[in-house]
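Scroll down for the structure; my scribbles are underneath it.
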Amino acid sequence: MTIAYVMMQNLRRNRTRTALTIIAFALPMAIFVAAISLVVALIEINAISARELRLGVHHKTTLVNPLPEGTRRKIEALDPGGKRLTAVCGMRWFGGKIPNESGTIQSLAADADTFPRVYSDAELTPAEIEAWNRDRAAAVVGAGVAETYGSKYSGWKPGGRVVLKSTVPPYLELEFHIVKVMQAKGQANVFYFRRDYLTESFKTAGIDSPDCNIFWVKCNDAASLAALQREIDQTFANSPNETKSEDENTFRAGFTQALGNLPGLMRAMAIVVVVIIALVAGNTMMMSFRERTRELAVFKAIGFQSWRIFFVVLTESLLLALLGALIGIVPTTLFLLSFPIRRMGYLPISALTVSPWAVVISVVIALIVGFAAGLWPAYQALRLKTVDALRRVG
């Protein structure tokens, strides 16, 4: 009679309880993998954004209040030699949506001349830059947006034509010509087009509104970013258009936190998951040990060494934990790889896919919890006295 045989018989003893224990491991582990994958994706996007060295300058009171178009020239004047900043790109919120659709696309009108330099991560080729400069209706769209709407509507590809209706007054409906679908991480859910096209459309509607909601400043290095952040706000201090300058990660965090502190919530959820499975596993192993006290005593009586009994009980707990973790992780991984979530709202994530780190961490946690849950019952089995155990149960 091998140890493996004994363990399998123990798992078959109460199949309902074994199945429920495995499920109790599987469900929290599936949630854990998805939650940690989201946190890892956000951390990766933040690292990419930090490397881009972009500084967002908007009105100190609120992003809704526009800044004059001349703000760009004043910012550029802080570095006339171009030693600290590469370019400044003014943007205005358009908030377009497809007519008769409810979802809003993060669509912004950008300065045509500086957009390719400030957003170098869009990776526009010379031919695409030429098309962008030549066509006032040109647009650059993120892969997440293109994939979401491309499955329902034609035109969401390079060379295609799409129509968006603004969700802010005067509710313009404009046609755009897509010149680029961006594959860059962090630019998945945005839609950029030329600001001069929007300004002309405003004038056609009888509105003169060339202002911007935000100016993005592309800096040459981290030291320049920090210095310009202070200098810009000092330049506009005590004026009707006081500014608030933020690096891109800080600016994005404001939108993310509007949905809740997602990284913090995900970490808290992960802790709750670990506590839940620890309680479930510990309770299960203690019940199993109490039910098998006489059986373990008999094993000792017929010559099983104490360390083998200890090993059987502990390994059974580890096996339950591992089976539960795999049953939770594998389907979650296959689902996210087969059906990635392409639209993440205002989060700069093209798709929520499983992080290898999340898988490794979840398996390790499951084994640690399984070890901890089985350690005390295994220790009791190690110290079990045959005569006392048989007398107590019999």
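With θ taken as phi - 60° and the Karplus curve 6.51 cos²θ - 1.76 cosθ + 1.60 applied, the whole-hertz 3J(HN,Hα) list for region 135-152 is 10, 5, 8, 5, 9, 10, 10, x, 5, x, 5, 4, 6, 5, 8, x, 6, 10 Hz, x standing for glycine and proline. Taking each of LYS157/LYS203; LYS83/LYS180; LYS180/LYS218; LYS83/LYS244; LYS83/LYS203; LYS60/LYS203 in turn, the alpha-carbon distance tops 25 angstrom for LYS157/LYS203; LYS83/LYS180; LYS83/LYS203; LYS60/LYS203. Here region 61-241 is described by how far its Cα atoms reach on the three principal axes: 48, 36, 27 Å, from widest to narrowest. Going from the residue with the fewest nearby Cβ atoms within 10 Å to the one with the most, TYR379, TYR149 rank TYR379, TYR149. Each of GLY144, ALA223, THR199 was scored by the projection of its Cα onto the charge dipole of region 61-241, and the greatest displacement toward the positive side belongs to GLY144; charges sit on the C-beta of Lys, Arg, Asp and Glu. The amide H of ALA87, built 1.01 Å from its N in the peptide plane, has LYS218 as neighbours under 5 Å, considering only residues 5 or more places off or on other chains.
Residues within the reach of a label modelled at LYS152 (point 7 angstrom out along Cα to beta-carbon, backbone nitrogen below 18 Å), restricted to region 92-121, are 95-107.
From least to most packed, judged by other beta carbons within 10 angstrom and beginning with the fewest, CYS89, CYS219 follow the order CYS219, CYS89. Going toward the positive end of the dipole of region 61-241, with +1 on Lys and Arg Cβ and -1 on Asp and Glu Cβ, which of PRO99, GLY70, SER120 do you reach last? After comparing all options, I get PRO99. Give the Kirkwood hydrodynamic radius (Å, one decimal) of region 8-83, defined as one over the mean of 1/r across all pairs of different Cα atoms. Result for region 8-83 stands at 18.3 Å. Rounded to the nearest 0.05, what FRET efficiency is calculated for VAL272 and LEU334 with R0 set to 22 Å and r the Cβ-Cβ distance? Efficiency, rounded to the nearest 0.05: 0.35.
For ASP111, the residues 5 or more places off, or on other chains, whose built amide H falls under 5 Å of its own are GLY90, ARG195. Where both bridge residues fall in region 61-241, DSSP classifies roughly 65% of the beta bridges as antiparallel. Computed from label points 7 Å out along Cα-Cβ, the spacing between VAL360 and ALA222 is 2.4 nm. A simple spin-label model places the labels of THR235 and ALA77 0.8 nm from each other, with each point 7 Å out along Cα-to-Cβ. Here the Karplus relation 6.51 cos²θ - 1.76 cosθ + 1.60, evaluated at θ = phi - 60°, turns the backbone of region 67-78 into coupling constants of 10, x, 4, x, 4, 4, 5, 5, 5, 4, 5, 6 Hz, with x for every Gly and Pro. Note on region 61-241: with charges restricted to the Cβ of Lys and Arg (+1) and Asp and Glu (-1), its dipole about the Cα centre is near 140 debye. For region 60-95, trypsin sites (Lys or Arg not before Pro) meeting the loop criterion (DSSP other than H, G, I, E, B) and having at most 10 other Cβ atoms within 10 Å: LYS83.
Backbone amide hydrogens, once placed in the peptide plane, bring ASP247 within less than 5 Å of GLY56, excluding anything fewer than 5 places away on its chain.
Length gained on full extension, THR167 to ARG51, computed as 0.36 nm times the residue gap minus the Cα-Cα distance: 38.5 nm. Among VAL163, VAL39, sorting on how many other beta-carbon atoms sit within 10 Å of each Cβ, with the fewest leading, yields VAL163, VAL39.
Read-outs: derived from the displayed coordinates by stated rules, not from any lab. Source: prediction; values computed, not measured. Because the Cβ atoms are built from the backbone with ideal geometry, glycine has one as well, and the counts that use them run over all protein chains shown.
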